[in-house]
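**Student:** My questions will all concern the structure given below.
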Amino acid sequence: LQVSEGVQKNRPSAQPTDSTENARDIKAAAICAFLLLALMASSDIFDLVAVDGNLSLLLAVITIICYASTLYIIVRDLSQVTHRNIKRMKKRSAAEPNLERPSTTNATQNSNPIRNKEGNVVGMASAAPRPQWLPSAGSGMASVDAYCWSLSIHQWVQFIKSCMATDTWLELAEAKGEYNISMYDVNTHFVIPWTRGTGCSVAMLLNSESDPSPVQLMVSHSWGGSVMESLRAMQSLIALHFVPGDTRIFFCTLSMYQPEDDSPGGLSISEQLNLNPFAKIIERQPEYGMFVFHTTLCEVYERLWCVHEVDEALKANISIYGVFDLERWTEASFKENMKVDTKESKCNLADQAMLTHLIEEGGGFPRLDKCIFNFRKKSKKDLRLAMQFEQVFSINLSDTQEV
């Protein structure tokens, strides 16, 4: 897990000196001598080096030297490998943010309702303490071009794992099940309270000390989708599609300012949508195209905004890929969801008529149904190959620990 630009600090790495190397060699030689004596004392090696037999004293000395040299080389190499691993672990530990569960002493005593998919209250969650590594100010949304509302894959993972390291996340998981936690929950319990009053999205806060970077990869996702599955889908961008971890992505929950609080430099949701960020990003033909996150919690194309994003991608002629959590999907379950009727997609009434008009003007819903079926057909093949790869090589491609 890499730290965001503006958060990570350069730390000088201590290089081993000659005296350190010599000390390790001396220690290794001492260990060899000890092991050799132990070996000779506990085995029949004395029979091999006996001078009163057929072997001469010279042959015995040579034999002992060979044993000692071999042991010395083995111990020395192990010592160097161990030293490098310790150095690497220390360097990684220094670079990573502290994702231990933060203390609740600084959190407010306010609680927020936990809602299920139907919108019913199923519990209460305490306010999550704001992580210290997240900047409290940055370039306001109004001062940055919409196609630069980006954050890196590593930054996205950092933020989500920080949410998971709170008591609030545990309360959400207990109330509705961890895989049922959606982006609506992340927005309500983490994004809005942590960005309120800043006028900046999470993406803008994390990149406040660097020049805004254009989006290189568009992520299309449903707010009702599983966060856990989305995390594993994000991992598959690196493991299966070989997208670098520092690639700048657009993920609307974290890329847009959500609090609706009229903060200086900020923009309301409607003001941000009026800037057409999806269309502007896709028109610029991002380097890695558009990836659609599929989760088992809901159909991504129940959301009309996701249908609109496919429409824009077709107009710009950019590549569209489907990604998913390999542990939650099977080839059979994916096959059942190949077809979709996009004209049944919904969003809030204020946007429904506008998006429907744009889609009809661009060629209509049947054209999008066919496009979605075609890229899902390719995604099913990718899913089959990924599962076969895991079986053959016993590698878990959904493991998020190395993201």
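The values are calculated or read from the model by the stated rules, or taken from the named source; none is laboratory data. This is a predicted model, so every value here is computed, not measured. Neighbour counts are summed over all protein chains in view; Cβ atoms, including those assigned to glycine, are modelled from backbone coordinates with ideal geometry. The area values use the complete protein model at the heavy-atom level, side chains included, leaving out ligands, DNA and RNA. Shrake-Rupley method; radii C 1.70, N 1.55, O 1.52, S 1.80 Å.
**Student:** Open to solvent by 50 Å² or more (accessible area, probe 1.4 Å) and out of contact with any Cys (no Cβ under 9 Å at 6 or more places or on another chain): does that describe GLU309? Quick ask: steps written out before the conclusion?
**Tutor:** Working: open to solvent by 50 Å² or more (accessible area, probe 1.4 Å): no; out of contact with any Cys (no Cβ under 9 Å at 6 or more places or on another chain): yes.
Considered against the rule, which asks whether it is open to solvent by 50 Å² or more (accessible area, probe 1.4 Å) and out of contact with any Cys (no Cβ under 9 Å at 6 or more places or on another chain), GLU309 comes out as no.
**Student:** Something else now. Hey, among the residues in region 312-322 that are open to solvent by 10 Å² or more (accessible area, probe 1.4 Å) and assigned to a helix (DSSP H, G or I), which one's farthest from MET234 (Cα to Cα)? Write out each step before concluding.
**Tutor:** Our first condition is that a residue be open to solvent by 10 Å² or more (accessible area, probe 1.4 Å); within region 312-322, this holds for 312, 314-321.
The next check asks that each one be assigned to a helix (DSSP H, G or I); those that pass are 312, 314-316.
Working: GLU312: 22, LEU314: 23, LYS315: 25, ALA316: 24 Å.
Only one residue tops the list, namely LYS315.
**Student:** Something else now. Is it true that SER263 is assigned to a loop (DSSP other than H, G, I, E, B) and within 25 Å of ASP351 (Cβ to Cβ)? Steps first, please.
**Tutor:** Values: assigned to a loop (DSSP other than H, G, I, E, B): yes; within 25 Å of ASP351 (Cβ to Cβ): yes.
The answer is yes for SER263.
**Student:** Then there is this: Residue by residue through region 173-192, note down the ones that are assigned to a helix (DSSP H, G or I) and farther than 22 Å from MET256 by Cβ. Break it down into steps so the answer makes sense when it comes.
**Tutor:** Pass one, region 173-192, residues assigned to a helix (DSSP H, G or I): 173-176, 178-180, 183-192.
Scanning region 173-192 gives ALA173, GLU174, ALA175, LYS176, GLU178, TYR179, ASN180.
**Student:** Here's another thing I want to ask about it. Could you please let me know if ASP325 is of a type in the set (D, E, K, R), more than 14 Å from ILE372 (Cα to Cα) and surrounded by 21 or more Cβ atoms within 10 Å (Cβ to Cβ)? Working first, answer last.
**Tutor:** Numbers: of a type in the set (D, E, K, R): yes; more than 14 Å from ILE372 (Cα to Cα): yes; surrounded by 21 or more Cβ atoms within 10 Å (Cβ to Cβ): yes.
Spelling it out, ASP325 is indeed of a type in the set (D, E, K, R), more than 14 Å from ILE372 (Cα to Cα) and surrounded by 21 or more Cβ atoms within 10 Å (Cβ to Cβ).
**Student:** A further question follows. Do you know which residues across region 348-380 are open to solvent by 30 Å² or more (accessible area, probe 1.4 Å) and not in a helix (DSSP H, G or I)?
**Tutor:** Passing the criteria: ASN348, GLY363.
**Student:** Let me ask something else about it. List the residue pairs whose Cβ atoms are under 9 Å apart, where the first residue sits in region 119-133 and is of a type in the set (Ser, Thr, Tyr) and open to solvent by 30 Å² or more (accessible area, probe 1.4 Å), the second is at pLDDT 95 or above and not in a loop (DSSP other than H, G, I, E, B), and the two are 6 or more positions apart or on different chains.
**Tutor:** Filtered contacts from region 119-133: SER126/ASP167; SER126/THR168; SER126/GLU171.
**Student:** Taking the stated definitions as given, is TYR184 surrounded by fewer than 21 Cβ atoms within 10 Å (Cβ to Cβ) and touching a helix residue (DSSP H, G or I) at 6+ places or on another chain (Cβ under 6 Å)?
**Tutor:** Values: surrounded by fewer than 21 Cβ atoms within 10 Å (Cβ to Cβ): yes; touching a helix residue (DSSP H, G or I) at 6+ places or on another chain (Cβ under 6 Å): no.
Taking the combined requirement at face value, the residue does not satisfy it.
**Student:** Still on this structure: Please give the number of the condition ILE160 fails out of (1) of a type in the set (Val, Ile, Thr); (2) under 26 Å from LEU237 (Cα atoms); (3) modelled with pLDDT under 95.
**Tutor:** Of the numbered conditions (1) of a type in the set (Val, Ile, Thr); (2) under 26 Å from LEU237 (Cα atoms); (3) modelled with pLDDT under 95, the odd one out for ILE160 is (3).
**Student:** Return the only residue of SER268, SER213, SER255, SER226 being of a type in the set (Ser, Thr, Tyr) and without any contact (Cβ under 8 Å) to a residue 40 or more places away in the chain. Don't jump to the end; show me each part of the working.
**Tutor:** Details: SER213 fails: without any contact (Cβ under 8 Å) to a residue 40 or more places away in the chain; SER255 fails: without any contact (Cβ under 8 Å) to a residue 40 or more places away in the chain; SER226 fails: without any contact (Cβ under 8 Å) to a residue 40 or more places away in the chain.
Exactly one residue qualifies, and that residue is SER268.
**Student:** Still on this structure: If you go through region 381-403 one residue at a time, how many are modelled with pLDDT under 70 and either surrounded by fewer than 11 Cβ atoms within 10 Å (Cβ to Cβ) or not β-branched (Val, Ile, Thr) (or both)?
**Tutor:** Applying the first criterion (modelled with pLDDT under 70) to region 381-403 yields 397-403.
Pick out the ones that are also either surrounded by fewer than 11 Cβ atoms within 10 Å (Cβ to Cβ) or not β-branched (Val, Ile, Thr) (or both) and you get 397-399, 401-402.
So the answer is 5.
**Student:** Something else about it: Of the residues THR330, THR296, only one is open to solvent by 60 Å² or more (accessible area, probe 1.4 Å), under 23 Å from the mean Cα position of the chain (by Cα), at negative phi and at pLDDT 90 or above; which?
**Tutor:** Numbers: THR330 fails: at pLDDT 90 or above.
Only one candidate qualifies: THR296.
**Student:** Filter region 259-271 down to residues that are touching a Cys at 6+ places or on another chain (Cβ under 9 Å) and open to solvent by less than 30 Å² (accessible area, probe 1.4 Å) and give me whichever is farthest from ILE320 (Cα to Cα). Full working, then the answer.
**Tutor:** Within region 259-271, the subset touching a Cys at 6+ places or on another chain (Cβ under 9 Å) is 263, 265-266.
Okay, now just the ones that are also open to solvent by less than 30 Å² (accessible area, probe 1.4 Å), so 263, 266.
Details: SER263: 36, GLY266: 31 Å.
Selected residue: SER263.
**Student:** Which one is nearest to GLU260 (Cα to Cα) among residues in region 135-156 that are aliphatic (A, V, I, L, M) and surrounded by fewer than 20 Cβ atoms within 10 Å (Cβ to Cβ)? Working first, answer last.
**Tutor:** Initially, region 135-156 is screened for residues aliphatic (A, V, I, L, M), giving 137, 141-142, 144, 146, 151, 153.
From the residues that got through so far, the ones that are surrounded by fewer than 20 Cβ atoms within 10 Å (Cβ to Cβ) too are 137, 142.
On the way: ALA137: 16, ALA142: 14 Å.
Among residues in region 135-156 that are aliphatic (A, V, I, L, M) and surrounded by fewer than 20 Cβ atoms within 10 Å (Cβ to Cβ), the one nearest to GLU260 (Cα to Cα) is ALA142.
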